[in-house]
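Have a look at the structure below before the remarks.
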């Protein structure tokens, strides 16, 4: 939750979490944030908090309220705003998570009351968001067909690289949780059977391996690296000679996977 | 409502009939679900309930300050699931309600949603800390080879059938209204800043208008109910192809979808319920069919 940090001359005096819908600031003792100084009016200002948003309003104080050095009457508080009343400063810190992703505030679901919102959409100023061109997704079928055609030798495991379009820039770009490093592109090479020597690049978020109905595993590409998980079948995949359980397992360079009787090697390109 | 006469008859027969129906429905549906607070938010305001015996899946995405969102979504799922359980003991969803002329399956969904709305609204009115709380909702009831979906707000239902992944609910949101009125295209909508504004929600007004639609369900279909934390973070094509690739393992598919939302930023709570139709589940209508139903 958002909070205010009261300080004077660089000395932190107190911290106030904004728990109430209405937080009053003033010299008189009934205020939620009392600042006992003559430069502060009895009822100086108020902060109205709705969900994650806080609004500051000056209540006609004698000496006024400044935010970031500018006198204000009403102000929508943003993370790190500094409110000044006389010699006192109140620093506004938005909710930890919300501060990390500035847009998160914005995404919190809110109801647009049809009554108050007037005619809903038409009343809203037409602000078509900028339309950055996105990479065009190729049809799923085309990709699947291409891969299937390459792996239809009878008795061979089907290597089916599912088409999963790259996440659109709007969702993937700004947020790399925990500063995770983008993994290098990896590939697997089939070592045994008639498909031996075949290589499959693991460029998509999800690649399934094996024979549907017999044994299938999936390799997922995540910000942290590549992981293999059992999907279906009575037997579990074998990694470097060790049988895996139902959990996801991280893949390392030159790991050998055994699946439906076929060995393959995982490596970073 | 029912006449007393009909109600009594229904109760007398209910034990046999419902047991037959329940066994067949539980074996015709496979359900997996997963819910997670996401990467950014500290608590989970989503709430999910599913029950293969009833053929019910309910997902709610709460909103309101501090923990009020959790309270609202929790009330919605609890009220609907418990009321539905009571009602299905005495009513068959494929019978027609004499009063409204609708199948009970539809009427019960609407009635119980209205009840949940009243509960949330009254709590919000009487307790200052819950003031203004509300929730979006999507609820599916499976019976007699159909599924009825009721929804309010921007929680969605999708269907995967024969490799085709389609959204079957239409959001009650400002964005959807803008798309409908031609102000912006669906493509532009992906980059809009207004994603979070819903035009309908449960619990904010004394009455609520849920949108209800019925679809034929076929063996092999996979239905996805999700909160906006999934579809805002993961493009529809990726959700569809993930479901298809992992359809053999529904539980894994549910976890994978949540993980993808989190890997892409996880800026909101994310919840998914997956329902797979394993086989035909036509309601046993004749006496013989009903008797056979007991042995299924």
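Quick notes
- Any chance residue B:208 is in contact (Cβ under 8 Å) with a residue 40 or more places away in the chain, part of a loop (DSSP other than H, G, I, E, B) and either in contact with a helix residue (DSSP H, G or I) (Cβ under 8 Å, 6 or more places away or on another chain) or facing chain A (nearest Cβ under 10 Å) (or both): yes
- Filter result (outside any strand (DSSP E or B) and closer than 20 Å to residue B:275 by Cα) within the range B:153-176: B:154, B:155, B:162, B:163, B:168, B:169, B:170
- Filtered by the rule that a residue be within 17 Å of residue B:139 (Cβ to Cβ), more than 7 Å from every other protein chain (Cβ to nearest Cβ) and outside any loop (DSSP other than H, G, I, E, B), the range B:211-229 gives B:211, B:212, B:213, B:214, B:215, B:223, B:224, B:225, B:226.
- Residues of the range A:30-73 that turn out to be closer than 30 Å to residue B:135 by Cα and not in a loop (DSSP other than H, G, I, E, B), as a count: 10
- Screening residue B:187 with (1) farther than 25 Å from residue B:114 by Cα; (2) assigned to a helix (DSSP H, G or I); (3) in contact (Cβ under 8 Å) with a residue 12 or more places away in the chain; (4) within 8 Å of chain A (Cβ to nearest Cβ) gives one miss only, at (3).
- Within the set B:79, B:71, B:49, the sole residue that is crowded, with 17+ Cβ neighbours inside 10 Å and either without any contact (Cβ under 8 Å) to a residue 40 or more places away in the chain or not in a helix (DSSP H, G or I) (or both) turns out to be B:49.
- Residue, surrounded by the fewest Cβ atoms within 10 Å (Cβ to Cβ), within the range B:105-130, restricted to residues that are touching a residue at least 60 places away in the same chain (Cβ under 8 Å) and within 14 Å of chain A (Cβ to nearest Cβ): B:129
- Residue A:111 being within 14 Å of chain B (Cβ to nearest Cβ), modelled with pLDDT of 90 or more and under 30 Å from residue B:201 (Cβ atoms): no
- Restricted to the range A:194-248, and to residues there that are on the phi > 0 side of the Ramachandran plot and not in a loop (DSSP other than H, G, I, E, B), the residue that is surrounded by the most Cβ atoms within 10 Å (Cβ to Cβ) is A:210.
- Residue match in the range A:3-24 (condition: out of contact with any strand residue (DSSP E or B) (no Cβ under 6 Å at 6 or more places or on another chain) and either within 16 Å of residue A:79 (Cβ to Cβ) or in contact (Cβ under 8 Å) with a residue 60 or more places away in the chain (or both)): yes
- Complete set of residues in the range A:38-53 that are surrounded by fewer than 14 Cβ atoms within 10 Å (Cβ to Cβ) and out of contact with any strand residue (DSSP E or B) (no Cβ under 6 Å at 6 or more places or on another chain): A:38, A:50
- Test: residue B:110 is out of contact with any helix residue (DSSP H, G or I) (no Cβ under 7 Å at 6 or more places or on another chain), modelled with pLDDT of 95 or more and over 22 Å from residue B:224 (Cβ atoms): yes
- Criterion applied to B:183, B:260, B:233 was being out of contact with any strand residue (DSSP E or B) (no Cβ under 9 Å at 6 or more places or on another chain) and either at pLDDT 90 or above or more than 18 Å from residue B:45 (Cα to Cα) (or both), and the one residue passing it is B:183.
- Candidates A:196, A:250, filtered to the one that is in contact with a strand residue (DSSP E or B) (Cβ under 7 Å, 6 or more places away or on another chain) and free of Cβ contacts under 8 Å to residues at least 12 places away in the same chain: A:196
- Residue that is modelled with the lowest pLDDT [pool: residues in the range B:26-40 that are surrounded by fewer than 21 Cβ atoms within 10 Å (Cβ to Cβ) and not in a strand (DSSP E or B)]: B:26
The values are calculated or read from the model by the stated rules, or taken from the named source; none is laboratory data. Just so it is clear, the structure is predicted and the values come from calculations on it, not from any experiment. Every residue, glycine among them, receives a Cβ derived from its backbone with ideal geometry; neighbour counts consider all protein chains shown.
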